[in-house]
Amino acid sequence: EAQVTQNPRYLITVTGKKLTVTCSQNMNHEYMSWYRQDPGLGLRQIYYSMNVEVTDKGDVPEGYKVSRKEKRNFPLILESPSPNQTSLYFCASRRGTASNQPQHFGDGTRLSIL
Amino acid sequence: SQQGEEDPQALSIQEGENATMNCSYKTSINNLQWYRQNSGRGLVHLILIRSNEREKHSGRLRVTLDTSKKSSSLLITASRAADTASYFCATANAGNNRKLIWGLGTSLAVNP
């Protein structure tokens with residue numbers, strides 16, 4: 001089954017403790033992206049990747065890192081999480097780099113930073 | 001930055017009725033997409049309409065696009081309780097064909 005898999009689905013942690021949210025897709029998609037979703041602010045893009053070893057900042061990249069060492073994986077790293085990074089995070093992928101293709105989303109990771 | 005603005009923010013209807021949601025945007029677009037998000041789940045792509053198209057259908061969904069008014073509408077006919085979800089429009093600007101800009105969504109409740 002074609003899917004985007006995020007782990008963990010839920011995480012409660014404390015300020016400053018490094019964490020990684022993994023994302024994996026099994027569709028051989030070139031493009032992958034991370035979003036955060038906050039009430040009243042909608043979906044905001046954090047980082048995206050056009051292909052292996054190619055990553056770029058989205059609208060809200062501060063406090064986050066990503067890597068794309070393999071085509072299927074696109075982990076999101078919070079080196080020193082802070083409470084303002086408490087949010088619902090989504091990983092997405094699409095077949096090509098152009099926007100005229102549907103994006104496939106994971107089921108989300110709800111992060112709470114205390 | 002948010003470009004798409006959906007209205008209404010929330011909509012409550014009875015099963016069997018039609019639901020119409022609107023999306024307005026500010027700049028010229030390459031395409032506009034509609035997505036559904038069930039509570040606690042990721043977004044699911046519903047339909048994509050290109051800037052040179054005026055109407056598309058997919059099952060009970062009908063999407064229209066009016067580029068002169070910079071607006072789109074999503075019509076769900078004969079709604080079902082399972083259509084209860086949030087619906088988002090996303091636009092791809094003509095000048096940047098890689099990035100989607102998302103609206104804040106319409107929350108639809110279909111009552112049995």
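The values are calculated or read from the model by the stated rules, or taken from the named source; none is laboratory data. This structure is a prediction, so every number in the text was calculated from the model and none was measured. Here Cβ is always computed from backbone atoms with ideal geometry, including for glycine, and neighbour counts include all displayed protein chains. Note: accessible area is taken over every heavy atom of the protein model, side chains too, but ligands, DNA and RNA are not part of it. Shrake-Rupley method; radii C 1.70, N 1.55, O 1.52, S 1.80 Å.
Quick one: in segment A:70-114, of everything that is basic (Lys, Arg) and within 30 Å of residue B:53 (Cβ to Cβ), which residue is nearest to the other protein chains (Cβ to nearest Cβ)? Step through it out loud before you land on a result.
Of all residues in segment A:70-114, those basic (Lys, Arg) come to A:71-72, A:94-95, A:110.
With the extra rule that they be within 30 Å of residue B:53 (Cβ to Cβ), the set shrinks to A:94-95.
Working: A:94: 9, A:95: 12 Å.
Per the criteria, the residue is A:94.
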Residues that are among the aromatic types (Phe, Trp, Tyr), at least 1 per element: which strands (runs of 3 or more DSSP E) completely within segment A:11-69 meet that? A:31-38, A:42-51
Scanning segment B:64-84 for residues that are touching a Ser or Thr at 6+ places or on another chain (Cβ under 9 Å) and within 26 Å of residue B:30 (Cα to Cα) gives B:64, B:65, B:66, B:67, B:69, B:70, B:71, B:72, B:73, B:74, B:75, B:76
State whether one or more residues within segment A:60-69 are of a type in the set (Asp, Glu) and either away from chain B (no Cβ under 13 Å) or open to solvent by 40 Å² or more (accessible area, probe 1.4 Å) (or both). yes
Return a yes/no flag: does segment A:101-108 have any residue that is modelled with pLDDT of 95 or more, open to solvent by 30 Å² or more (accessible area, probe 1.4 Å), within 21 Å of residue B:88 (Cβ to Cβ) and under 13 Å from the mean Cα position of the chain (by Cα). yes
For residue B:26: the one exception among (1) surrounded by 14 or more Cβ atoms within 10 Å (Cβ to Cβ); (2) assigned to a strand (DSSP E or B): (2)
Of the candidates B:43, B:75, B:65, B:61, the one satisfying the condition of being within 11 Å of chain A (Cβ to nearest Cβ) and either open to solvent by less than 40 Å² (accessible area, probe 1.4 Å) or without any contact (Cβ under 8 Å) to a residue 60 or more places away in the chain (or both) is B:43
Only unsatisfied item for residue B:101, checking (1) open to solvent by 40 Å² or more (accessible area, probe 1.4 Å); (2) within 14 Å of chain A (Cβ to nearest Cβ), is (1)
Can you name every residue in segment A:34-50 that is at positive phi and either loosely packed, with under 15 Cβ neighbours inside 10 Å or in contact (Cβ under 8 Å) with a residue 60 or more places away in the chain (or both)? A:40
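Do we find that residue A:21 is open to solvent by less than 60 Å² (accessible area, probe 1.4 Å) and in contact (Cβ under 8 Å) with a residue 40 or more places away in the chain in this structure? Let's see the steps before the verdict.
Values: open to solvent by less than 60 Å² (accessible area, probe 1.4 Å): yes; in contact (Cβ under 8 Å) with a residue 40 or more places away in the chain: yes.
Criteria met by residue A:21.
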